[in-house]
Amino acid sequence: MQNKFIKKAWLPAAAVALMAQPALAEEEQGQWSFTTGIDYSSGDYGDEGDTDILFVPFSLGYSQGPWAAKVTVPWVQIKGPGSVIGGGDGGVVVGGAEAIDDSGLGDIWAQLTYSLESFPADYGYLDLVGKVKFPTADEDKGLGTGEFDYTLQVDYFKPLGKLTPMATVAYKIKGDPEGSELDNVFFLSAGADYRLNETINFGATLDWQDASSSASDDSLEIFNYLGYRVNDANLLTFYSYIGLSDGSPDIGGGIQWKYSF
């Protein structure tokens, strides 16, 4: 049986930058933010039974000028036939599996972003992103792989009036859990954001990721979201996603709340 390590959907980086635009002027003096929410997904991933994953992240971020840093500490609950390891950021692990119904601390992620100031604004905006996954999730419970992962990422968006095309290219370096050997993978995302007014924007992306094992399918998902800015400090985002391959959940969605201070 395949043992799959599945990406937890969280908002695309380019979409986050677009929804934060009204607050960008304040970032020159430095700005803190707290983000939380809830994400639920369900799918059979090519197995006989469904795997249900509940993902609740807590993030603390700080941005100043072109730099932004964020640390995310998640709580994960997973129930299914044991073919899915939850709380990760993509890939596939091959190995034996037992039925699972457990919860606990997920893997902690640290992220550093630099907005490339030398990139000509007439051509759009380019962000360079680095991420590190710390293996804090209990691998014996099936909540993580127990290994460090690293991600190198480039985010691009180009405002065209109210419509903003956006894209992400990432390369993910996978740690090999005991008894398995994973391939490093590419992640590609492309879509667009539409800003209806200063309060509401919405968008969608098509996300694809390499399988990190020959025993699993690539991941392919359609992701869509609606952002509602309550005021300068509070941003609510509602989102859903649909899997188009056995490497993705069949369906998922959630809500995110971001408070800037």
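The values are calculated or read from the model by the stated rules, or taken from the named source; none is laboratory data. Owing to the predicted nature of the structure, the values given are computational and were not obtained by experimental measurement. Positions of Cβ are generated from backbone atoms using ideal geometry, with glycine treated the same way; all protein chains shown enter the neighbour counts. Remember, those area values only see protein heavy atoms, side chains included, never the ligands or the DNA or RNA. Shrake-Rupley method; radii C 1.70, N 1.55, O 1.52, S 1.80 Å.
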Residue check, PRO159 modelled with pLDDT under 95, more than 27 Å from PRO135 (Cα to Cα) and surrounded by 14 or more Cβ atoms within 10 Å (Cβ to Cβ): yes
Subset of the stretch 119-138 that is in contact (Cβ under 8 Å) with a residue 40 or more places away in the chain and not in a loop (DSSP other than H, G, I, E, B) - its residue that is nearest to GLU98 (Cα to Cα): LYS133
Residue within the stretch 225-232 that is touching a Gly at 6+ places or on another chain (Cβ under 7 Å) and open to solvent by 30 Å² or more (accessible area, probe 1.4 Å) present: no
Condition check for VAL76: at pLDDT below 95, part of a strand (DSSP E or B), open to solvent by less than 50 Å² (accessible area, probe 1.4 Å) and among the hydrophobic types (A, V, I, L, M, F, W, C): yes
Test: residue in the stretch 204-216 that is open to solvent by less than 20 Å² (accessible area, probe 1.4 Å) and under 27 Å from PHE261 (Cα atoms): no
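A quick yes/no check of all residues on (1) more than 27 Å from ALA233 (Cβ to Cβ); (2) of a type in the set (D, E, K, R); (3) at pLDDT 95 or above:
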position	(1), (2), (3)
LYS131	no, yes, yes
GLY144	yes, no, no
ASP149	yes, yes, no
LYS172	yes, yes, no
GLY179	yes, no, no
TYR194	no, no, yes
Only listed residue being over 26 Å from ASP107 (Cβ atoms), touching an Asp or Glu at 6+ places or on another chain (Cβ under 8 Å) and aliphatic (A, V, I, L, M), chosen from LEU163, LEU206: LEU163
Residue match in the stretch 172-187 (condition: more than 28 Å from LEU112 (Cβ to Cβ), surrounded by fewer than 19 Cβ atoms within 10 Å (Cβ to Cβ) and β-branched (Val, Ile, Thr)): no
